[in-house]
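A short worksheet on the structure shown next.
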Amino acid sequence: MIRVDPITAEVVRCGLVTIANEMGDTMIRTARTPTFSESHDFSTSIFDCQGRIVALADALPIHMGACKFSVQAVLDAFGDDIHPGDLFLVNDPYHGGSHLPDWTMTAPVFFDGELVFFPVTRAHQGDTGGAVPGGYNPGATDIWQEGLRLPPIRIFDRGRPRQDIIRMLEINNREPTFLGDLQAMMGSVRMGERRLAELLGRYGLQTVRAAVEAALSYAERRFREEIRSWPDGCYTGEAFLEHDCQGLEDIAVRVTVTIRGDSLRIDYTGSDPQTPGFINSSLPNSYSYIFLTLSSMIDDTIPRNDGLFRPVEIVLPPGTVVNPRPPAPCTACTLHAGGEVGEALAVALAKAVPEKAYIQNIKLGMPVVTFGVNPLTGEFYVDQNVTMSAGWCNAAFGTDGWGAMPAFFGAMTMATGELHDLLYPVVTLGREYITDSGGPGKWRGGLGTSTRLRSRADMFAHTYVIGTKYPMRGLCGGADGAPNRVVLRAGTPREKTVEKTAFGEPLSAGDLTIVDLGGGGGWGDPLERDPQAVLEDVLDEYVSREAAERHYGVVIDERTGAVDQEATARLRQKLAQERKAGR
């Protein structure tokens, strides 16, 4: 292989990232569902002919590591039977997918007769054709109850669409926008195909391949340098999930991280067995959470590509909640127990490098999915309610949790309430921060949010609630965030506070749904927080005066509105003494 100078290598690397981002722009501009066009619940990336991650768009991080398995599954399934113009699709978590709603599409890119790249688009579908509209089935006890399973299949053969296959996919989906969204995915991948061919034509095959190798080696070298700065040793962490919807409770994910020189061993031996319910984290999904957590802890100038996997040995025992055997259901896994895979890893690494560790998890359970016939259009609809996704933002060393969607979601955004109300038969009455919901700490957790929706038509809802017993946890002395709360038909004799699951719950026109999402955990000792920062939080109504005194030991003069420095010093000393005495 030829050698390439560093400037050319970096230009090519950035060109690949730009192509991945342009693929994402194509999705946004052409998709019909607001899940893609507004909320951006999809990811785009570039892989090479060996199935290695070459470039990632600024998209949804939990997709990224898992896409590696999808490309490898295509290579394994089709081998030498891959041709220019082909288009492949996969979603099965036991054949390269993560969970059934995430469909991964890719096409081969050839140059001078050689297979070079795979542009990849992964997008969360509004329906999977399973027993329950929307794809999330809290009642599922095997994967067939969750939806249509797709091992790697070819939907275009040498540039010709396989209409029988596409028609089969269409009639197995409830969403009226499905075909348009599938075509948006096709357009995204084809855009990547064209741009990659242009890049290869501009720089030549050998130069591009050399630039890819340079980028992977550079990422590996930089990551190894970071690991060498971490203290050697064995560190353990664990995280718990309240339930699996089928009767199991307090499900544990456990990990032991061994840091030795410039390498890591991440071993999830000791995690609980796979469960009957749909929270099992598929192998690709667990890898993705590990990749996400490690990526969040390193210098942001290090490219996020396959080079990051090279210093890491990962052990995920088969038959456990972090690597189930078929036919265990998996639909919730991209939230839980995948989130607990990342949480346990962050807790372990916080013992080694506390200033770098960050919990990549959210305590969502699953959205409050509603479905029915939209009286405005006369069509069946599924509303994933992705507008209810602001909360759980943990603090980190040096920064408070921010008041929006957590870093876990990457480039996802929240559609406005106004747009949501135009598309679905609901009225958004309010969406606001919840005072005192952020976990106290030297740096405060981000606030949770309260969303209130009134139904404009009869519909059905199902959901899965966690984050009540195990909310977002604080680190290094920080306190946990506030728990979640979901209330259906609020204020009526039929009011129901969802403790675990709601399955096919009827909502009538006029019914009120309240979703209170928890806050993020704090970082560090709350008694060390800058009193002026606490005062600003009180003025912004993020923290009440009572909580300022109770958690932070900060006394605010009611007459002047300023911090009473002497009273604050006395109260902090008193609280520290009580804490030391165990009171």
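The values are calculated or read from the model by the stated rules, or taken from the named source; none is laboratory data. Fair warning: this is a prediction, and the values are worked out from it, not measured in the lab. Cβ coordinates were reconstructed from backbone atoms using ideal geometry, including for glycine residues, and neighbour counts include every protein chain displayed.
Based on what the data block shows, is GLY438 more than 19 Å from THR370 (Cα to Cα) and at pLDDT 95 or above? Walk me through how you get there before you give the answer.
Working: more than 19 Å from THR370 (Cα to Cα): yes; at pLDDT 95 or above: yes.
Yes.
Only one entry of ILE53, ILE82 meets the criterion of being touching a residue at least 24 places away in the same chain (Cβ under 8 Å), farther than 20 Å from PRO367 by Cβ, touching a Lys or Arg at 6+ places or on another chain (Cβ under 7 Å) and among the aliphatic types (A, V, I, L, M), and that entry is ILE53. Within region 146-154, can one find any residue that is assigned to a strand (DSSP E or B), within 30 Å of ALA461 (Cβ to Cβ) and among the basic types (Lys, Arg)? Within region 146-154, not a single residue is assigned to a strand (DSSP E or B), within 30 Å of ALA461 (Cβ to Cβ) and among the basic types (Lys, Arg). All of (1) in contact with a helix residue (DSSP H, G or I) (Cβ under 8 Å, 6 or more places away or on another chain); (2) modelled with pLDDT under 95 hold for CYS476 with one exception: (2).
Listed residues GLU340, GLU313, GLU355; which is in contact with a strand residue (DSSP E or B) (Cβ under 9 Å, 6 or more places away or on another chain), of a type in the set (D, E, K, R) and surrounded by 24 or more Cβ atoms within 10 Å (Cβ to Cβ)? Explain how you work it out, then say what you get.
Details: GLU313 fails: surrounded by 24 or more Cβ atoms within 10 Å (Cβ to Cβ); GLU355 fails: surrounded by 24 or more Cβ atoms within 10 Å (Cβ to Cβ).
Result: GLU340 is the single residue among GLU340, GLU313, GLU355 that is in contact with a strand residue (DSSP E or B) (Cβ under 9 Å, 6 or more places away or on another chain), of a type in the set (D, E, K, R) and surrounded by 24 or more Cβ atoms within 10 Å (Cβ to Cβ).
If only residues of region 161-200 that are small (Gly, Ala, Ser) and touching a helix residue (DSSP H, G or I) at 6+ places or on another chain (Cβ under 6 Å) are counted, the one that is surrounded by the fewest Cβ atoms within 10 Å (Cβ to Cβ) is GLY187. In the condition set (1) buried (at least 24 other Cβ atoms within 10 Å of the Cβ); (2) more than 27 Å from HIS336 (Cβ to Cβ), ALA66 is compliant with all but (2). For region 526-583, taking the residues that are within 39 Å of the chain's Cα centre (by Cα) and among the polar types (S, T, N, Q), the one that is nearest to GLY439 (Cα to Cα) is identified as SER544.
Please go through region 462-482 and give me each residue that is in a strand (DSSP E or B) and hydroxyl-bearing (Ser, Thr, Tyr), ordered by number. Talk me through it step by step, then tell me what you get.
Applying the first criterion (in a strand (DSSP E or B)) to region 462-482 yields 462-464, 475.
THR463, TYR464, listed by residue number.
Before we move on, is LEU75 touching a strand residue (DSSP E or B) at 6+ places or on another chain (Cβ under 9 Å) and assigned to a helix (DSSP H, G or I)? Considered against the rule, which asks whether it is touching a strand residue (DSSP E or B) at 6+ places or on another chain (Cβ under 9 Å) and assigned to a helix (DSSP H, G or I), LEU75 comes out as yes. For region 548-565, the count of residues that are of a type outside the set (Val, Ile, Thr), closer than 27 Å to GLY339 by Cβ and surrounded by 13 or more Cβ atoms within 10 Å (Cβ to Cβ) is at least one.
Can you tell which of ALA490, ALA461 is surrounded by fewer than 19 Cβ atoms within 10 Å (Cβ to Cβ), over 26 Å from VAL253 (Cα atoms) and either more than 23 Å from the chain's Cα centre (by Cα) or in contact (Cβ under 8 Å) with a residue 60 or more places away in the chain (or both)?
Working: ALA461 fails: surrounded by fewer than 19 Cβ atoms within 10 Å (Cβ to Cβ).
Exactly one residue qualifies, and that residue is ALA490.
Per the listing GLY519, GLY504, the residue uniquely in the same structural domain as PHE371 (by TED's automatic domain parsing), over 22 Å from TRP392 (Cα atoms), under 31 Å from the mean Cα position of the chain (by Cα) and not aliphatic (A, V, I, L, M) is GLY504.
When you scan region 41-58, how many residues do you find that are part of a loop (DSSP other than H, G, I, E, B) and crowded, with 24+ Cβ neighbours inside 10 Å? I'd like the intermediate steps shown before the answer.
Of all residues in region 41-58, those part of a loop (DSSP other than H, G, I, E, B) come to 41, 49-52, 57-58.
After this cut, where a residue has to be crowded, with 24+ Cβ neighbours inside 10 Å as well, the list is 41, 57.
Residues in region 41-58 being part of a loop (DSSP other than H, G, I, E, B) and crowded, with 24+ Cβ neighbours inside 10 Å: 2 in total.
Evaluation of GLY504 against the conditions (1) at pLDDT below 95; (2) at negative phi shows that the sole unmet condition is (2).
Residue count for region 208-239, restricted to those that are crowded, with 19+ Cβ neighbours inside 10 Å and more than 18 Å from VAL257 (Cβ to Cβ): 10.
Considering (1) over 21 Å from LEU100 (Cα atoms); (2) touching a residue at least 40 places away in the same chain (Cβ under 8 Å), the lone condition that GLU198 does not fulfil carries the number (2). Of the candidates ALA482, ALA509, the single residue that is within 17 Å of VAL426 (Cα to Cα) and either modelled with pLDDT of 95 or more or touching a helix residue (DSSP H, G or I) at 6+ places or on another chain (Cβ under 6 Å) (or both) is ALA509.
Okay, residues lined up against (1) closer than 18 Å to ASN172 by Cβ; (2) touching a helix residue (DSSP H, G or I) at 6+ places or on another chain (Cβ under 6 Å); (3) in a loop (DSSP other than H, G, I, E, B):
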| residue | (1), (2), (3) |
| --- | --- |
| LYS68 | no, no, no |
| VAL71 | no, no, no |
| ASP81 | no, no, yes |
| PRO84 | no, no, yes |
| HIS95 | yes, yes, yes |
| VAL132 | yes, no, yes |
| THR141 | no, no, yes |
| PHE156 | no, no, no |
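The rows are residues; the columns are (1) basic (Lys, Arg); (2) in contact with a Cys (Cβ under 9 Å, 6 or more places away or on another chain); (3) within 21 Å of ILE165 (Cα to Cα).
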| site | (1), (2), (3) |
| --- | --- |
| GLU38 | no, no, no |
| PHE47 | no, yes, no |
| ALA59 | no, no, no |
| LEU75 | no, yes, yes |
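Selection of first residues in region 105-125 that are part of a strand (DSSP E or B) and of second residues that are surrounded by fewer than 24 Cβ atoms within 10 Å (Cβ to Cβ) and at pLDDT below 95, restricted to Cβ pairs under 7 Å at least 6 apart or on distinct chains, gives an empty result.
Consider region 448-458 and keep the residues that are of a type in the set (Gly, Ala, Ser) and assigned to a loop (DSSP other than H, G, I, E, B). The one that is farthest from the chain's Cα centre (by Cα) is ALA457.
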